[in-house]
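What follows is a single structure, written as structure tokens, with notes after it.
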């Protein structure tokens, strides 16, 4: 019981409060597959924003058109989610899935879906 409480306490708080609603045909990742896909990779969204997942756990999000960069550290969770603790103190968790066409989609806690470029 103590181990369970400790494990819950160590989860990023944002994860505990969020509910995602993937579509029936979305495919979720296991932790190892999501790590292999994104660690060391950069994904680009259709607005030209970019998420970069560094090998050492650092994370950056660069807004399109030189709109600035957010810096943080990411943790890949077991439920197809990645949580980011930004250096500003803000944190967020998003679900990563592939849709029926095989495209990587990022789903926010509010249900917004952001497809990535191939």
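The values are calculated or read from the model by the stated rules, or taken from the named source; none is laboratory data. Computed from a predicted model, the values in this text were never measured in an experiment. Counting neighbours? That spans all protein chains shown, and the Cβs are built from the backbone with ideal geometry, glycine included.
Scanning region 88-104 for residues that are surrounded by 11 or more Cβ atoms within 10 Å (Cβ to Cβ) and over 12 Å from the mean Cα position of the chain (by Cα) turns up 90, 98, 99, 103.
Within region 14-39, the residues that satisfy the criterion of being touching a strand residue (DSSP E or B) at 6+ places or on another chain (Cβ under 7 Å) and either modelled with pLDDT of 95 or more or over 16 Å from residue 76 (Cβ atoms) (or both) are 22, 26, 27, 28, 29, 31, 34, 35, 38, 39. Filtering 57, 40, 70, 49 for residues that are closer than 13 Å to residue 116 by Cα, surrounded by 12 or more Cβ atoms within 10 Å (Cβ to Cβ) and without any contact (Cβ under 8 Å) to a residue 24 or more places away in the chain leaves a single hit, 49.
Residues in region 105-118 that are surrounded by 11 or more Cβ atoms within 10 Å (Cβ to Cβ), out of contact with any helix residue (DSSP H, G or I) (no Cβ under 8 Å at 6 or more places or on another chain) and touching a residue at least 12 places away in the same chain (Cβ under 8 Å): 105, 106, 107, 108, 111, 114, 115, 116, 117.
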